[in-house]
1. Residue by residue through segment 26-39, what is 3J(HN,Hα) from phi via Karplus (6.51 cos²θ - 1.76 cosθ + 1.60, θ = phi - 60°)? Round to whole Hz and write x for glycine and proline.
2. Under 18 Å from the 7 Å Cα→Cβ point of ASP107, by amide nitrogen: which residues of segment 52-70?
3. Long-range amide H contacts for THR28: which residues qualify at under 5 Å (H placed 1.01 Å from N, peptide plane, sequence gap of 5 or more or a different chain)?
4. Please list, in chain and number order, the residues 5+ apart from LEU235 or on another chain whose amide H is under 5 Å from its amide H, with Hs placed from the backbone.
5. What distance in nm lies between label points placed 7 Å from Cα along the C-beta direction at ASP92 and GLU78?
6. Just to confirm the filter: which trypsin sites (Lys or Arg not before Pro) across segment 51-109 are DSSP coil and have at most 15 other Cβ within 10 angstrom of their Cβ?
7. About the Cα centre, and with charges only on the beta carbon of Lys, Arg (+1) and Asp, Glu (-1), how big is the dipole of the chain? Nearest 20 debye, please.
8. How much length would be gained if the chain were fully extended between SER57 and SER26, taking 0.36 nm per residue of separation minus their Cα-Cα distance, in nm to one decimal?
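Derivation of every value follows stated rules applied to the coordinates shown; laboratory data play no part. Just so we're clear, the structure is a prediction, and the values are computed from it rather than from any experiment. Counting neighbours? That spans all protein chains shown, and the Cβs are built from the backbone with ideal geometry, glycine included.
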Amino acid sequence: MPVILQSDRETQQRSGNTALKVQLRSVTKTYTNGSQALLNANLEVKQGEFLFITGPSGSGKTTLLKLLYAQELPTQGEVIVDGCNIASLQGDRLSLLRRQIGIVFQDYKLIAQRTVAENITFVLQAQGYTRKEIQRRLEPTLKLVGLLTKADCFPDQLSGGEQQRVSIARAIVGTPPLLLADEPTGNLDPDNSWQVMQILQKLNSFGATVIVTTHDEQLVRRCNHPVVQVCNGQLLRK
Ligand code: ADP
């Protein structure tokens, strides 16, 4: 890990905040239109674990991640992140928890009018980090994702793989102990997919809990991490 991110991790270790434990307890999620995504689902993800969530399209993988960062709330059951039932969190407490979670999307969600560096740092700016602290974090993060020379490029000047690496950099620049990646390789060719997976695995080796949804069976086999399959709304450890 780059020295600066390493020192963040050491600070987190000292405060016991290395990685967040995640639990779903008998979670059912039914959307208002009647679609049922999860049904009495249970899951425990240990601190520092790297977990794949697999299952066909429409099986509930994205819903599961949305429940973990409280974009959606369960219809029944409890979602526990870092010891908190997230349904009970509001306002500042919810914002604080969300700062502990980095999110990577399949479609990158970069801002076209902002440079790579700006895309990576704007969340830190919004969270009130000082200019100096932002600079301190930016370079090692760019280095980690292999984009040191692209800091001043705009997203449309980058390949798909590079854009996804920007989105990973944006997710990790605040050194969150939990990283959620929703089909991060869904739009990438095998080489770029592997590069992205190597970055995610490196972050995991630094102590972050990493949860990745994918339907790329080959990638799952190559990585050799635990797998949970979403099947009829339930979560089965394979
Ligand atoms: P996956 O990520 O595995 O493709 P999703 O979690 O996106 O699956 O979807 C699971 C089910 O929930 C699907 O039937 C989908 O149509 C439904 N669903 C997802 N999001 C919504 C939503 N916002 N409103 C209504 N139904 C939804």
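1. 6, 8, 10, 10, 10, 6, 5, 7, x, 5, 9, 9, 10, 9
2. Counting backbone N atoms under 18 Å from the label point, the list is 57-66.
3. For THR28, whose amide H was placed from the backbone, the distant partners under 5 Å are ASN40, ALA41, THR75, GLN76, GLY77.
4. Hits under the 5 Å cutoff: ASN42.
5. Result for the modelled spin labels: 2.5 nm.
6. On the way: sites: LYS61, LYS66, ARG93, ARG98, ARG99, LYS109; in loops: LYS109.
Passing both the DSSP loop test and the Cβ count: LYS109.
7. 500 debye
8. Working: separation 31, 0.36 × 31 = 11.16 nm, distance 2.21 nm.
Value of the extension gain: 8.9 nm.
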